[in-house]
1. Using amide H atoms built 1.01 Å from N in the peptide plane, name the residues 5+ places from Lys113, or on other chains, whose amide H lies under 5 Å from its own.
2. Show me, bin by bin at 10 Å from 0, the whole-percent P(r) of the chain based on Cα pairs.
3. Can you tell me the alpha carbon radius of gyration of region 1-43 divided by the globular rule-of-thumb value 2.2 N^0.38 Å?
4. Which one of Gly235, Gly331, Gly366 has the biggest mean-square fluctuation once the chain is modelled by GNM with Cα springs under 10 Å?
5. Starting with the fewest neighbours, write out Thr241, Thr312 ranked by other beta-carbon atoms found within 10 Å of each beta-carbon.
6. With the Cα gyration tensor of region 270-383 giving a ≥ b ≥ c as the square roots of its eigenvalues, does the rule (a/c under 1.5 for rounded; else a/b larger than b/c for prolate; else oblate) give rounded, prolate or oblate?
7. With +1 assigned to the C-beta of every Lys and Arg and -1 to the C-beta of every Asp and Glu, and no other charges, what is the dipole magnitude of region 199-291 about the Cα centre in debye, to the nearest 20?
8. Rounded to two decimals, what is the ratio between the C-alpha radius of gyration of region 135-287 and 2.2 N^0.38 Å?
Amino acid sequence: MARRSIGIVMNGVTGRMGYRQHLLRSILAIREQGGLTLADGTVLWPEPVLVGRSEDKLRALAEKHGLDAWTTDLAEALERPGTEIYFDAQITSARLPAIRAAIAAGKHVYTEKPLADDLEGALALARLADEAGIRHGVVQDKLFLPGLRKLKRLVDGGFFGRILSVRGEFGYWVFEGDWQDAQRPSWNYRAEDGGGIIVDMFCHWRYVLDNVIAPVRSVQALGATHIPERVDEDGKPYDCTADDAAYGIFELDGGIIAQINSSWTTRVFRDELVEFQVDGTEGSAVAGLRRCRVQHRSMTPKPVWNPDLPATEDFRGQWQEVPDNEEFDNGFKVQWEMFLRHVAEDAPFDWDFYAGARGVQLAELGLKAWREGRRLDVPELNR
């Protein structure tokens, strides 16, 4: 069986997401399974070139996983023979110039979201990539989570009848960094560094709603900086200039109303860190990262409001579990494999830079809606 190597310049792999999900659980996992078998039987073998700012961190990472290709010089990495793909998991503010350099070097580009700081920059990158004739893609990992794949199966199968509404809850308590270390980097809470939960999460909610439920047509949002001061990685206090919670209302095609709360200042009383409830005329579902439960119209109880008596019904016990019906792999790895096939054998890949730009568009409109205190339409993008 023939084997073909493909070099991947991976920038930002010393960060939490770049390392855990993209290097460890995607690229190295593909190598551990023996590579990626293409339609013609060829085995595609990813060869990562690690890029970052810290020599010490890169060296330690490479030694830990038996890799020898690493550098702090992005230009040098892009010039290495055999490198065909550039991947970016840096902070958002550093992403645009790095992707521009990769496009200029003729590399296909796969990147974390947000694609850019603003819609203008995102569309400029998309058009530049098209002009260069390279393949381009943006990570939209939540589409490949088991819970949301089950939810999509229900939507496609007509389970809900006419969908009425969606309610989403995402978030957890991120420690301030004083008496316990924060589990998110400090730049997330500085607007000048590209931080903020609207910028981060509205990109996710755009592709989730568009692809699983229906296209987003308008947005209302209220943001908040509930924690005004935090402590950074060096133990120094800093002022938080970005929103750490957002409360959004989105109108979708067909008059569907979606309400999604996003917060790094909430404590979890849910089964999973993110959950979506979809209500329709024929049934309802609650989907999280892995689980999805349903209640059909024919099995819906008739509760009666009586605040004078304690509740005796096991409301959660009245729902049914949606079976897996297939084996679910890591969502990041699944999308990586799809992008590799897109590059190597022209397989379809729907989540290009324009899909990423739509996420940036919703985040930008969400921030504007918050500032202006009004509902804003979400227009179609001009490619």
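1. Result for Lys113 returns Val139.
2. 5, 21, 30, 26, 13, 3, 1, 0
3. Values: Rg = 12.1 Å, N = 43, 2.2 N^0.38 = 9.2 Å.
Normalised by 2.2 N^0.38 Å, the Cα Rg of region 1-43 equals 1.32.
4. Result for the chain, Cα springs under 10 Å: Gly235 fluctuates most.
5. Working: Thr241 14, Thr312 5.
Listing Thr241, Thr312 from fewest to most nearby Cβ atoms yields Thr312, Thr241.
6. Details: a/c = 2.94, a/b = 1.45, b/c = 2.03.
In terms of gyration-tensor shape, oblate.
7. Working: 8 positive and 16 negative charges, 41 e Å.
Using only the charged Cβ atoms, the result is roughly 200 debye.
8. Working: Rg = 17.0 Å, N = 153, 2.2 N^0.38 = 14.9 Å.
Dividing the Cα radius of gyration by 2.2 N^0.38 Å gives 1.15.
Every number in this text was worked out from the coordinates using simple rules, so none of it is lab data. Every value quoted in this text rests on a predicted model; they were computed, and no experiment measured them. Every residue, glycine among them, receives a Cβ derived from its backbone with ideal geometry; neighbour counts consider all protein chains shown.
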